[in-house]
There are 2 protein chains.
Amino acid sequence: MSTILLASMTSSRNDMVPSVVVKDFLFGVDELENLFIERLEEAVEIPSVSAYAERREDVFRMSEWTASKMRDLGVEVTLKPLGKQEDKPELELPPLVLGRYGRDSEKPTVLVYCHYDVQPAALEDGWKHDPWVLTIEENGRLCGRGTSDDKGPLIGWLNMIEAFQKAGVEVPANLVFCFEGMEENGSFGLRKALEEEATKFFSDIDCVCITDVVWVSDEQLSIPQGLRGILFYLLTITGADQDAHSGGFGGQISEPMTDMVNIMSSLVDSSGKILVPGIYDNVQPVTAEEYESYNKLNISEDSLLGGTGGRILHETQADALIARWKKPSLSLHRIENARPGAGAVTSIPAKLVGKFSIRTVPNMKAKDINKLVQKHIEDRFKSLGSKNDLEINCAHESDWFYESSDHWNYQAAIQATQEIWGVNPALTCEGGSIPIALDFKEILQKNVLLLPVGRPTDGAHSINEKLDKNNYINAIKLYGSYLKEARALWQQKRQA
Amino acid sequence: MSTILLASMTSSRNDMVPSVVVKDFLFGVDELENLFIERLEEAVEIPSVSAYAERREDVFRMSEWTASKMRDLGVEVTLKPLGKQEDKPELELPPLVLGRYGRDSEKPTVLVYCHYDVQPAALEDGWKHDPWVLTIEENGRLCGRGTSDDKGPLIGWLNMIEAFQKAGVEVPANLVFCFEGMEENGSFGLRKALEEEATKFFSDIDCVCITDVVWVSDEQLSIPQGLRGILFYLLTITGADQDAHSGGFGGQISEPMTDMVNIMSSLVDSSGKILVPGIYDNVQPVTAEEYESYNKLNISEDSLLGGTGGRILHETQADALIARWKKPSLSLHRIENARPGAGAVTSIPAKLVGKFSIRTVPNMKAKDINKLVQKHIEDRFKSLGSKNDLEINCAHESDWFYESSDHWNYQAAIQATQEIWGVNPALTCEGGSIPIALDFKEILQKNVLLLPVGRPTDGAHSINEKLDKNNYINAIKLYGSYLKEARALWQQKRQA
């Protein structure tokens, strides 16, 4: 936790933006609160669901709404077309909304990523209110699809500019915006666009800030510095051309399911231990300091389980968090009948696809892991003496992500969190994978900060999505404070 | 094969129905061929699909059509209502069409079972012709839904009566008809109706003949004397209230799929051997005579595999047939996510239902097998030290069926097959289960004959269902010959 203590001392050294200016900004945010909520209201009313072809028009509408709001604030906007959607060539991809605000060589240039598309939603799914109307509950919750993921965090950046303008204070950093419209549907076209713009629109950026993240728990403010990688496998076992009647053929023909469950059972045990030999070899050990800090985090068991009602495999909170943050895991997802229209419940499936994935952590190497997994499965299959055919396919691979919190980008975020929320954020990891974080890091070669806005119980991909008003308003303040700190630290570093 | 030789000698001793009379009957069948095909045509045009609520009216229409044709021939008909359908109480079950033809104490009384409902069918499924129009192909195939399963075999009995009438010859046996309208949809209500009528409508029957059966292969005429039983299991493993994200929770919570594949992999191996201790203890050994006779059967590999393209686990034809006729088998059918609407492919399923079944043979006892299976699974689960919950449920149980071919009912069928087809039928088994065969045997306590009409490639539950004209016409003759032989043998037995 030494980095946090270090960060907490930086504010007094920030002499470039006097604190009175910050106060004016903060005051400006509070004054404009109603306007900011109305702005979110407008955004929620556009059902920009990227997963549904019939909503694609609304996603485009949302890109134009966003661009127009940005222009109103003086942001230079370019809508970058991304072409057709790979898997549905009849569909045009929504554009990247690129923006630039400020070109002051005395300020750092921060690339801000958010997305303006949302998950599907329908009242019939069990929503309390119409998901496409912003409803403010008595407890101050702003309810509606996209409030937390990711329209609220996106609009926060525009609100921030307006609050600075209202306060008559310059925004402390140059901003480059990259707002995506396909995040909830595979981020088609994003990686290619980043590659294209790396030496153009994004050529002069100093760091990246992604605000499509939530706290580790409702009770514990946090900044994640690590994400697990993923290797996703398809295991295809074929024994026949079509499903067979188990009465007529059971015992006579080779059954793919027998091999499938055997191989799958050789991958992981009931305690969660991965059984593939050598898989743990390069896993970075957890330090005693980390262990202790994880045990101290304020995370209720409910939060730890995210409402799933799952059963924790570990004795201590630290062990549970280490299992999802610092250790690889292997999950068996499903076994699907690969023959469409396969019917009778008592049939012998002719062809099956088993799906499983491995989450990776520093310093596992995807290529090596893939070799170990393939070899293990092939050996196991050989040992069965089966007459079926086996095919192993690593269908998706995304590396883990890890940033040191020593970087000024992280230090600025830590400091800003202290200023606005009054508490030290915990430095955590995420068990999941956010491929775009790694894309930004790999392509732009800059430090990538994941700055949380919402809470894990916001229901981002579920019914009754909400963002606490507190989180919405404080995010605006947090952004301003973060840019102020970033500028100070960036300048210090430049001068050093 | 000694029983077959014995049977072939009985015809010369049949002095009750002179062979000239039989010749007139056979001639009558040929003369009425066009009428018989028109009758099948009418039946095919009624889409009596018992599985679809919206077709229930057509099933009723089919019962009335059948009753009316029977009455036209002088059969006394009763439509026995079966009440509401258990699993869909808004639906009335189609009636059992009960019929009686003849009450001569000098003749045996044969209970004939067929069904007048059919599997679903639609041109869009890939049928060459409209499934609800009888199409006669150049090769003489009668194509249409229900031609083989089971309208053709059912109408054959009515045609037989008509041919005897045409020939001016008495039908050699008293007939009791039991025609069902729910065979393709769980046979709801049948068992209860059999129990009710055992001492009433069916009180005086001497044997049962079921003609909802096909030959063992297209090349090999056969009469099955055995059917395997079935124990169908649901294995439920619960670990959480809802599916969890494998990134966020993988490694931290207990995953039901891990236990599921482990338990399933402990049930059967890739060679088809069941791994539950003690399960083979009461399996009747195969005799050297049976082994030899099975190797001699005229069954192509294609027929053996029934077009599934499966891979045979055995070296010889006899071993393959023994595996499906004389040995138990255990098939793993599927693993289903038990939480409805479960979505993301990378999720950790919270609750799973695994489905598997065991086919049983003489002299396995279902109750004992069930105990062995439950104990094996419970022991295995305990050994995993899992935090999940396990539930084992034997959802369906139906015993194996076996009749000795020494009985006059079988001997009559063997003899009739020789007379009409000119070949000795092989005495075989079926790997599948026909619960109604066992129901008739258990409830009525009479010998139950399974008399094949169609061929295994008729596509009974598939597209392009057909019945060869040869099989349709010969079935009518076979029925007549069978009744003639049955009468002779029954009388001999009575006199002895």
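Compute the relative contact order of region A:220-354 as a whole-number percentage, counting only Cα pairs closer than 8 Å that sit 6 or more residues apart in sequence.
On the way: 136 pairs, mean separation 59.9, N = 135.
Computed over region A:220-354, the figure is 44 percent.
Once amide H atoms are placed 1.01 Å from N in the peptide plane, what residues at a sequence separation of 5 or more from B:Val118, or on another chain, have their amide H within under 5 Å of its amide H?
Close amide H contacts, sequence-distant or interchain: B:Ser48, B:Val49, B:Ser50.
Using the Karplus curve 6.51 cos²θ - 1.76 cosθ + 1.60 with θ = phi - 60°, work out ³J(HN,Hα) for each residue of region A:83-100 in order, rounded to whole Hz, and write x for Gly and Pro.
Result, rounded to whole Hz: x, 8, 7, 2, 7, 9, x, 7, 9, 7, 6, x, x, 6, 8, 9, x, 9.
Rounded, prolate or oblate: which one fits region A:117-198, using the alpha carbon gyration tensor with axes a ≥ b ≥ c (rounded when a/c is under 1.5, else prolate when a/b beats b/c, else oblate)? Intermediate results must be reported in sequence, preceding the final value.
Numbers: a/c = 4.68, a/b = 1.20, b/c = 3.91.
Taking the square roots of the gyration eigenvalues as a ≥ b ≥ c, region A:117-198 is oblate.
What spacing in nm lies between the two simple spin-label points modelled at A:Glu33 and B:Asp30, each 7 Å away from Cα in the Cβ direction?
10.1
Compute the length gained on full extension between B:Glu54 and B:Gln445: take 0.36 nm times their separation in residues and subtract their Cα-Cα distance, giving the result in nm to one decimal.
Details: separation 391, 0.36 × 391 = 140.76 nm, distance 3.71 nm.
Between B:Glu54 and B:Gln445, full extension yields 137.0 nm more.
What net charge is computed for the residues neighbouring A:Ala426, neighbours being all others with C-beta under 12 Å from the C-beta of A:Ala426, Lys and Arg scored +1, Asp and Glu -1? Show your work: numbers first, answer last.
Values: positive: A:Lys296; negative: A:Glu219, A:Glu290.
Combined, the nearby Lys, Arg, Asp and Glu give -1.
Be a star and scan region B:216-237 for residues whose amide nitrogen sits under 20 Å from the point 7 Å along the Cα-to-Cβ vector of B:Lys365.
Hits in region B:216-237 for B:Lys365 at 20 Å: B:228-232.
Placing +1 at every Lys and Arg Cβ and -1 at every Asp and Glu Cβ, with all other atoms neutral, what dipole size does the protein assembly as shown have around its Cα centre, in debye to the nearest 20? Each step should come with its number before you reach the end.
On the way: 102 positive and 146 negative charges, 382 e Å.
Using Cβ point charges on Lys, Arg, Asp and Glu, the protein assembly as shown gives about 1840 debye.
Run lengths n ≥ 4 of DSSP H only: what is the helix-derived mean residue ellipticity at 222 nm for chain A, with -39500 (n - 2.57) per run over all residues, to the nearest 500?
Working: 15 runs with 181 residues, N = 496.
Only helices count here, giving -11500 deg cm²/dmol.
What relative contact order, as a whole-number percentage, does region B:381-496 give when Cα pairs under 8 Å and 6 or more residues apart are counted? Intermediate values should be presented prior to the final figure.
Numbers: 73 pairs, mean separation 38.8, N = 116.
Over region B:381-496, the number comes to 33 percent.
How would you order A:376-386, A:219-229, A:432-442 from highest to lowest mean count of nearby Cβ atoms within 10 Å?
The peptides rank, most packed first, as A:219-229, A:432-442, A:376-386.
Taking each label point as 7 Å beyond Cα in the direction of the beta carbon, state the distances from B:Gly74 to the same residue in the other copies, shortest first, in nm.
So the distances to the same position in the other copies read 10.8 nm.
Taking the Cβ-Cβ separation of B:Ser105 and B:Ala288 as r and a Förster radius of 51 Å, what is the calculated FRET efficiency to the nearest 0.05?
Numbers: r = 45 Å, r/R0 = 0.88.
So the FRET efficiency works out to roughly 0.70.
Need one value for A:268-276: mean number of C-beta atoms belonging to other chains within 10 Å of its residues' C-beta atoms. Write down the numbers at each step before the final one.
Numbers: counts 7, 6, 13, 7, 7, 2, 1, 0, 0.
Taking all residues of A:268-276 together, the mean is 5.
How long is the gain from B:Asn470 to B:Ser271 if the chain were fully straight, where each residue apart is worth 0.36 nm and the alpha carbon distance is subtracted? Numbers along the way, then the final one.
Values: separation 199, 0.36 × 199 = 71.64 nm, distance 3.98 nm.
That pair, B:Asn470 and B:Ser271, stretches by 67.7 nm at full extension.
List B:Leu478, A:Leu154, A:Leu297 from most exposed to least, where exposure is judged by having the fewest other Cβ atoms within 10 Å. The partial results should precede the final answer.
Working: B:Leu478 23, A:Leu154 28, A:Leu297 18.
Fewest-to-most ranking of B:Leu478, A:Leu154, A:Leu297: A:Leu297, B:Leu478, A:Leu154.
Just want to confirm a number: the relative contact order over chain B, from Cα pairs under 8 angstrom separated by 6+ residues, in percent. If you can, show how the numbers build up before the last one.
Working: 966 pairs, mean separation 122.2, N = 496.
For chain B, the relative contact order is 25 percent.
For peptide A:238-245, how many partner chain Cβ atoms fall within 10 Å of a residue's Cβ, on average? Let's see the in-between values first.
On the way: counts 2, 4, 6, 5, 6, 3, 7, 6.
The shielding value for this peptide is 5.
Explain nothing, just compute: Karplus ³J(HN,Hα) = 6.51 cos²θ - 1.76 cosθ + 1.60, θ = phi - 60°, for every residue of region B:40-54 in order, whole Hz, x for Gly and Pro.
Per residue, the Karplus-derived 3J(HN,Hα) values read 5, 4, 4, 5, 4, 6, 9, x, 7, 7, 6, 7, 9, 4, 6 Hz.
Across region A:302-315, in residue order, what do the Karplus-derived ³J(HN,Hα) couplings come to in whole Hz, using 6.51 cos²θ - 1.76 cosθ + 1.60 with θ = phi - 60° and x for Gly and Pro?
Computed from phi, the couplings for region A:302-315 are 4, 5, 4, 9, x, x, 7, x, x, 10, 6, 8, 10, 7 Hz.
Please give, to one decimal in nm, the separation of the simple spin-label points placed at A:Glu76 and B:Asn298, each 7 Å out from Cα toward the Cβ.
Placing both labels 7 Å beyond Cα along the Cβ direction yields 8.8 nm.
With each pseudo-label sitting 7 Å past Cα toward Cβ, what's the A:Ser462-B:Asn139 distance in nm, one decimal?
5.9
Hey, how many Å between the Cα centroid of region A:441-496 and the Cα centroid of region B:253-305?
Cα centroid of region A:441-496 versus Cα centroid of region B:253-305: 60 Å apart.
Quick check: net charge around B:Glu76, other residues with Cβ under 11 Å of its Cβ, Lys/Arg +1 and Asp/Glu -1?
On the way: positive: B:Arg71, B:Arg100, B:Arg103; negative: none.
Taking every Cβ under 11 Å from that of B:Glu76, the sum is +3.
Can you put B:Thr238, B:Thr360 in order, fewest other beta carbons within 10 Å first? Numbers along the way, then the final one.
On the way: B:Thr238 20, B:Thr360 25.
Fewest to most other Cβ atoms nearby, the residues stand as B:Thr238, B:Thr360.
Putting +1 on Lys and Arg Cβ atoms and -1 on Asp and Glu Cβ atoms, find which of A:Ala121, A:Gly239, B:Thr308 reaches farthest to the positive end of the dipole of the protein assembly as shown.
A:Gly239
What is the list of residues in region A:101-126 whose amide nitrogen lies under 18 Å from a point 7 angstrom out from the Cα of A:Lys493, following Cα to Cβ?
A:104-113, by backbone N distance to the label point.
If each residue's Cβ is checked for other Cβ atoms within 10 Å, how do A:Phe249, A:Phe164 rank with the fewest at the top?
Values: A:Phe249 28, A:Phe164 22.
Listed from fewest to most nearby Cβ atoms, that is A:Phe164, A:Phe249.
Can you flag which of A:Lys23/A:Lys477; A:Lys23/A:Lys493; B:Lys80/B:Lys107; A:Lys355/B:Lys382; B:Lys128/B:Lys466 are past 22 Å Cα-Cα? Show your work: numbers first, answer last.
Numbers: A:Lys23/A:Lys477 10 Å; A:Lys23/A:Lys493 25 Å; B:Lys80/B:Lys107 26 Å; A:Lys355/B:Lys382 26 Å; B:Lys128/B:Lys466 11 Å.
Going by Cα-Cα distance, A:Lys23/A:Lys493; B:Lys80/B:Lys107; A:Lys355/B:Lys382 fall outside the 22 Å limit.
Every number here is computed from the coordinates shown, using simple stated rules; none is lab data. Just so it is clear, the model here is predicted, and its values are computed rather than measured. Positions of Cβ are backbone-derived with ideal geometry, glycine not excepted, and every protein chain shown enters the neighbour counts.
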